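Peer 1: What follows is a single structure, and I will ask about it in a moment.
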Amino acid sequence: MAIKINQKRIRNIDKFQRLLRNQKINACTISYHVINQDDLKKIGFKTLPQNNDCILPKIIGSVSEFNSLGRWNIHKDQPKEPRFIRTMEWELTDWGGNVHYGTNDIYKDCYPRTFIEPPSMEITFCNNVLFSNKINTNDTFALKHAINLFLEYFGQCEICDVNGMPIEKINRVNWQLLPPGKQPFNSIAKYIDEISTTSRKSSDSIKKRQKQIFNFTPNETWIGTAGFEGYIAYVFDECVIFESVKYGNATYIFGKDWQEISKLTKKEILDQNLATARIIHTTEWESQLSNYLK
């Protein structure tokens, strides 16, 4: 028997876990019966998905943002420490009318912080129903997060026995291949403009960095969709480069097997133990990047 929930958010999971124990359900899934295609667009499906298509859902609020990006815990009870903030580009005209350009790394004293990894809960479509990942009913955090994630999108959901999931092998559809052409960077620039929430100056800096990678002539270029929105993957013979256009301040270098990488969850992809390198966007960024693309 499914447990139905119809509200904006839950704060206490105890009563739901008691009901699951009473029903002797050890593993469950959160589900939602799709009403129309708008429901699918809410979580990031741009076209009608096939059975077993799976995505990391797009960001629409605080729960889905944490699900995709994680969050920082700020420790205001501890002394501040220097932290790299960003690289600033500057332009200066001297007395002779000559224009000079340069860059400086900006540091600021900040409270220490601890990063909480994103849960990266995925949603799979099958037989006109959306399903969460399999959840252990004793996992209070995962169960509460999954319920609130569905409530943030739809305002209702059901907790079901995992045995009722008709899903077989999932097919992740988090990436879209950009078509090749003489000026494919125009597609990247357009993608950046569509999702950018930064100032024009910051957006220009992001485009410049993306163009520097693109000038190495990748074999393929993929853009992230749904919860991967904001990432571009450049596939080279030597490696795959992940560059963020929206979040974070680092470039990730992975091995050359893109097909395997694209099947991983976001948490697995961004795990530094899986990456060959992580290059911070300082003034040394370009020279460090070129070491991997000779």
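The values are calculated or read from the model by the stated rules, or taken from the named source; none is laboratory data. These numbers come from a predicted model, not from an experiment. Here Cβ is always computed from backbone atoms with ideal geometry, including for glycine, and neighbour counts include all displayed protein chains. To get the accessible areas, we keep the full protein, side chains included, count just its heavy atoms, and leave off ligands, DNA and RNA. Shrake-Rupley method; radii C 1.70, N 1.55, O 1.52, S 1.80 Å.
Peer 1: State whether one or more residues within region 163-174 are polar (S, T, N, Q), within 16 Å of K58 (Cβ to Cβ) and in a strand (DSSP E or B). Give the derivation first.
Peer 2: Going residue by residue through region 163-174, those that are polar (S, T, N, Q) are 163, 171, 174.
With the extra rule that they be within 16 Å of K58 (Cβ to Cβ), the set shrinks to 174.
Checking which are in a strand (DSSP E or B) leaves us with none.
No - not one qualifying residue is present in region 163-174.
Peer 1: Looking for whichever is surrounded by fewer than 18 Cβ atoms within 10 Å (Cβ to Cβ) and closer than 24 Å to E268 by Cα here; the options are N73, N67. Which one fits?
Peer 2: N73
Peer 1: Looking only at region 79-125, count how many residues are of a type in the set (S, T, Y) and part of a loop (DSSP other than H, G, I, E, B).
Peer 2: 2
Peer 1: Go over the candidates I188, I195, I167 one by one and state the one that is buried (at least 20 other Cβ atoms within 10 Å of the Cβ) and at pLDDT below 90.
Peer 2: On the way: I195 fails: buried (at least 20 other Cβ atoms within 10 Å of the Cβ); I167 fails: buried (at least 20 other Cβ atoms within 10 Å of the Cβ).
After ruling out the rest, the residue left standing is I188.
Peer 1: Under the condition of being of a type outside the set (A, V, I, L, M, F, W, C) and open to solvent by less than 30 Å² (accessible area, probe 1.4 Å), which residue from region 170-185 is modelled with the highest pLDDT?
Peer 2: Selected residue: N174.
Peer 1: I've got another one for you. Can you tell me which residues in region 259-294 are basic (K, R) and open to solvent by 50 Å² or more (accessible area, probe 1.4 Å)?
Peer 2: Initially, region 259-294 is screened for residues basic (K, R), giving 263, 266-267, 278, 294.
K263, K267, R278, K294 - these are the residues of region 259-294 that are basic (K, R) and open to solvent by 50 Å² or more (accessible area, probe 1.4 Å).
Peer 1: For the list (1) touching a residue at least 60 places away in the same chain (Cβ under 8 Å); (2) closer than 28 Å to L40 by Cβ; (3) among the small types (G, A, S), I need the number of the one condition that S196 fails.
Peer 2: (1)
Peer 1: So, in region 37-58, of the ones that are of a type in the set (K, R) and over 16 Å from the mean Cα position of the chain (by Cα), which residue ends up nearest to F154 (Cα to Cα)? Show your work before the answer.
Peer 2: So in region 37-58, the residues of a type in the set (K, R) come out as 41-42, 46, 58.
So of that shortlist, the ones also over 16 Å from the mean Cα position of the chain (by Cα) come out as 41, 46.
Numbers: K41: 12, K46: 17 Å.
That would be K41.
Peer 1: Quick one: how many residues across region 133-161 are in contact (Cβ under 8 Å) with a residue 60 or more places away in the chain, open to solvent by 30 Å² or more (accessible area, probe 1.4 Å) and either closer than 22 Å to Q23 by Cβ or among the β-branched types (V, I, T) (or both)? Spell out how you get there, then give the answer.
Peer 2: The initial filter retains those residues of region 133-161 that are in contact (Cβ under 8 Å) with a residue 60 or more places away in the chain, namely 133-138, 140, 143-161.
The next check asks that each one be open to solvent by 30 Å² or more (accessible area, probe 1.4 Å); those that pass are 133-134, 136, 138, 140, 144, 152, 156, 158, 161.
Checking the rest, the ones that are also either closer than 22 Å to Q23 by Cβ or among the β-branched types (V, I, T) (or both) come to 133-134, 136, 138, 140, 144, 156, 158, 161.
So the count comes out to 9.
Peer 1: Which one is least open to solvent (accessible area, probe 1.4 Å), of the residues in region 76-85 that are touching an Asp or Glu at 6+ places or on another chain (Cβ under 8 Å) and modelled with pLDDT under 90? Explain how you work it out, then say what you get.
Peer 2: Restricting attention to region 76-85, the residues satisfying the condition of being touching an Asp or Glu at 6+ places or on another chain (Cβ under 8 Å) are 80-84.
Filter again for modelled with pLDDT under 90, leaving 83-84.
Numbers: R83: 50, F84: 30 Å².
Among those that are touching an Asp or Glu at 6+ places or on another chain (Cβ under 8 Å) and modelled with pLDDT under 90, it is F84.
Peer 1: So, one more: Looking at I106, I123 in this structure, which one is more than 27 Å from I206 (Cα to Cα), open to solvent by less than 70 Å² (accessible area, probe 1.4 Å), of a type in the set (V, I, T) and out of contact with any His (no Cβ under 7 Å at 6 or more places or on another chain)? Please lay out each step first, then the result.
Peer 2: On the way: I106 fails: more than 27 Å from I206 (Cα to Cα).
Just one listed residue meets the conditions, I123.
Peer 1: Related question: Within region 13-37, how many residues turn out to be open to solvent by 80 Å² or more (accessible area, probe 1.4 Å) and either modelled with pLDDT under 95 or basic (K, R) (or both)?
Peer 2: First pass over region 13-37, keeping only residues open to solvent by 80 Å² or more (accessible area, probe 1.4 Å): 15, 18, 21-22, 24, 26, 33, 35, 37.
Right, trim to either modelled with pLDDT under 95 or basic (K, R) (or both) and you get 15, 18, 21-22, 24, 26, 35, 37.
So the count comes out to 8.
Peer 1: As an exercise: evaluate I232 against (1) closer than 22 Å to F115 by Cα; (2) in a strand (DSSP E or B); (3) of a type in the set (A, V, I, L, M) and give the number of the one condition it does not meet.
Peer 2: Against the list (1) closer than 22 Å to F115 by Cα; (2) in a strand (DSSP E or B); (3) of a type in the set (A, V, I, L, M), I232 comes up short only on (1).
Peer 1: Look through K256, K246, K201, K211 and report the one residue that is part of a helix (DSSP H, G or I), open to solvent by 10 Å² or more (accessible area, probe 1.4 Å) and modelled with pLDDT under 85. First the steps, then the outcome.
Peer 2: Working: K256 fails: part of a helix (DSSP H, G or I); K246 fails: part of a helix (DSSP H, G or I); K211 fails: modelled with pLDDT under 85.
Answer to the selection: K201.
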